[in-house]
């Protein structure tokens with residue numbers, strides 16, 4: 001029956017075409033398009049008359065006054081009264097505060113969402129700034145802010161056209177956006193797609209196929225995939241144990257980008273890729289199970305990040321490792337109380353089959369160290385619900401024993417708009433994962449905790465390896481949308497890891 005089901009489902013595969021408006025930049029405005037105007041109060045930008053003409057500006061001002069628009073940050077109003085030649089006029093408030101990079105991204109997110117519903121082929125966006133960095137940030141915000149996962153909706157209208165940000169430096173803006181932001185936006189959208197796909201569509205082999213599509217034509221990239229036989233030969237008993245209850249065999253995907261000098265040690269990202277997590281024999285409650293289609297976010301994030309880095313030709317060596325498995329209950333599934341031997345040689349007693357992410361990562365990080373001797377190893381996982389309880393959906397959890405590494409990652413988070421909060425790794429956490437019958441146990445007697453989960457992964461890190469663990473279980477999926485993040489899959493971590501690689505390339 002399972003084989004028959006597999007043969008049916010394998011043909012029901014779809015992927016989002018990222019149907020949305022293309023972001024571009026221009027120094028001219030044409031009346032046949034729609035218009036979005038950034039407002040700090042109820043007065044349009046001072047140089048708007050040069051773009052639309054003095055008479056049109058006066059008529060627009062009267063229409064704005066009639067709308068009672070105040071220009072508060074994020075306030076949106078739409079004017080459809082034929083005030084000027086533009087068919088649609090949308091006002092978006094900037095507020096009174098000085099704008100930082102993140103504020104411009106948020107404005108762009110609002111503009112992108114507004115433009116998505118416009119009927120015009122071109123939506124022009126006019127702001128009160130001609131600072132190239134600000135305009136680019138707004139453009140990037142628009143690219144990721146208008147994201148919507150609607151691959152399985154049969155009544156969705158196609159979205160096309162452009163959203164054009166007006167700037168006197170349009171040529172420079174276009175070139176810089178293509179080089180720096182377009183690939184990053186593509187990677188964020190791709191990661192969100194992977195998170196959103198249902199478990200019957202996205203499984204380890206399908207994840208690998210789609211990752212190959214994303215990476216296709218990226219320069220200086222090579223890809224290897226470890227199958228079950230390869231993992232058996234390497235002694236990867238931890239990830240094999242997690243995947244043994246599923247008809248979808250586990251895989252490990254390794255993507256290498258060689259943008260730096262041949263003698264430079266790489267930055268290595270390892271991502272947890274549980275394409276669906278039932279909890280295994282330690283079954284999750286039914287109410288909390290459906291979101292576990294996104295338990296592969298860590299893998300999607302590291303693949304998305306390396307794609308952006310490679311396509312932007314950053315001068316740095318990066319390796320992304322996606323540890324992929326499906327955690328299912330079955331007659332052949334791993335049991336609580338089982339003992340597995342990891343690639344490192346350490347044995348692990350399985351206290352909970354629902355603490356599986358740390359198991360797949362234990363083999364992945366050991367492989368990373370043995371093969372690549374990384375300059376820095378960062379693992380990324382939706383590891384524990386407890387980190388979300390501590391940090392809500394505002395911060396990803398950061399664990400490291402190195403203050404300098406913590407500073408690098410926190411700084412990258414601030415620059416990228418994906419904030420981290422450092423949480424403790426105490427020697428007592430190591431004591432809590434010592435097993436009576438094996439070297440380690442994969443969970444304490446209570447629910448799997450964030451610090452003990454980090455300590456477990458840390459027990460597979462050698463003293464010579466600079467390492468950090470990111471637990472993003474609280475920020476991978478949003479109930480309420482943000483200007484640049486939809487309700488649902490966030491893609492959290494792609495921007496952060498992209499920024500970290502760029503920072504390390506410079507330094």
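I'm trying to understand the selection: among the residues of segment 429-458, which are closer than 18 Å to residue 380 by Cα, modelled with pLDDT of 95 or more and out of contact with any strand residue (DSSP E or B) (no Cβ under 6 Å at 6 or more places or on another chain)?
451, 452, 453, 455, 456, 458
Taking segment 199-208, which residues are over 17 Å from the mean Cα position of the chain (by Cα) and outside any helix (DSSP H, G or I)?
199, 200, 201, 203
Quick one: in segment 159-198, of everything that is within 30 Å of residue 292 (Cα to Cα) and in a loop (DSSP other than H, G, I, E, B), which residue is farthest from the chain's Cα centre (by Cα)?
By that ranking, first place goes to 159.
Can you find, within segment 147-165, the residue that is nearest to residue 196 (Cα to Cα) among those that are buried (at least 24 other Cβ atoms within 10 Å of the Cβ) and touching a strand residue (DSSP E or B) at 6+ places or on another chain (Cβ under 8 Å)?
Here is the first cut: in segment 147-165, the ones buried (at least 24 other Cβ atoms within 10 Å of the Cβ) are 147, 163-165.
With the extra rule that they be touching a strand residue (DSSP E or B) at 6+ places or on another chain (Cβ under 8 Å), the set shrinks to 163-165.
Numbers: 163: 25, 164: 28, 165: 30 Å.
That would be 163.
Within segment 315-336, can you find the residues that are surrounded by fewer than 24 Cβ atoms within 10 Å (Cβ to Cβ) and either closer than 16 Å to residue 488 by Cα or under 19 Å from the mean Cα position of the chain (by Cα) (or both)?
The answer is 319, and nothing else.
Residues are listed down the side, and each one gets a yes or a no for (1) under 20 Å from the mean Cα position of the chain (by Cα); (2) surrounded by 24 or more Cβ atoms within 10 Å (Cβ to Cβ); (3) in the same structural domain as residue 381 (by TED's automatic domain parsing):
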position	(1), (2), (3)
254	yes, no, yes
280	no, yes, yes
286	no, no, yes
293	yes, no, yes
303	yes, yes, yes
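Being at pLDDT 95 or above and farther than 18 Å from residue 439 by Cβ, is that true of even one residue in segment 336-349?
The answer is no; no qualifying residue exists.
Quick check on segment 210-229. Is at least one of its residues in the same structural domain as residue 292 (by TED's automatic domain parsing) and at positive phi? Reasoning before the result, please.
Filtering segment 210-229 for residues in the same structural domain as residue 292 (by TED's automatic domain parsing) gives 210-229.
From what's left, at positive phi: 217, 220.
Yes - at least one qualifying residue is present in segment 210-229.
Within segment 343-359, which residues are over 22 Å from residue 285 (Cβ atoms) and buried (at least 24 other Cβ atoms within 10 Å of the Cβ)? Step through it out loud before you land on a result.
First, the residues of segment 343-359 that are over 22 Å from residue 285 (Cβ atoms): 343-349.
Matches in segment 343-359: 348 only.
Among (1) closer than 27 Å to residue 319 by Cβ; (2) assigned to a loop (DSSP other than H, G, I, E, B), where does residue 455 come up short?
Every listed condition holds for residue 455 apart from (2).
Taking the condition surrounded by fewer than 20 Cβ atoms within 10 Å (Cβ to Cβ) and either within 19 Å of the chain's Cα centre (by Cα) or over 23 Å from residue 466 (Cα atoms) (or both), does residue 247 pass?
Values: surrounded by fewer than 20 Cβ atoms within 10 Å (Cβ to Cβ): yes; either within 19 Å of the chain's Cα centre (by Cα) or over 23 Å from residue 466 (Cα atoms) (or both): yes.
It is true that residue 247 is surrounded by fewer than 20 Cβ atoms within 10 Å (Cβ to Cβ) and either within 19 Å of the chain's Cα centre (by Cα) or over 23 Å from residue 466 (Cα atoms) (or both).
Name every residue in segment 78-117 that is touching a strand residue (DSSP E or B) at 6+ places or on another chain (Cβ under 9 Å) and farther than 27 Å from residue 158 by Cβ, in order of residue number. Give the steps one after another, and end with the answer.
We begin by selecting, within segment 78-117, every residue touching a strand residue (DSSP E or B) at 6+ places or on another chain (Cβ under 9 Å); these are 78-81, 83-84, 86-94, 107-108, 110-116.
81, 83, 84, 93, 94, listed by residue number.
Could you please find all residues in segment 360-381 being over 24 Å from residue 420 (Cβ atoms) and either modelled with pLDDT under 95 or surrounded by 23 or more Cβ atoms within 10 Å (Cβ to Cβ) (or both)?
363, 366, 367
Could you pull out the residue among 143, 133 that is under 28 Å from residue 47 (Cα atoms) and crowded, with 23+ Cβ neighbours inside 10 Å? Working first, answer last.
Values: 133 fails: crowded, with 23+ Cβ neighbours inside 10 Å.
None of the others qualify; the one that does is 143.
The values are calculated or read from the model by the stated rules, or taken from the named source; none is laboratory data. All values reported here derive from a predicted model rather than from experimental measurement. Ideal geometry is used to build each Cβ from the backbone, glycine not excepted, and the neighbour counts take in all protein chains shown.
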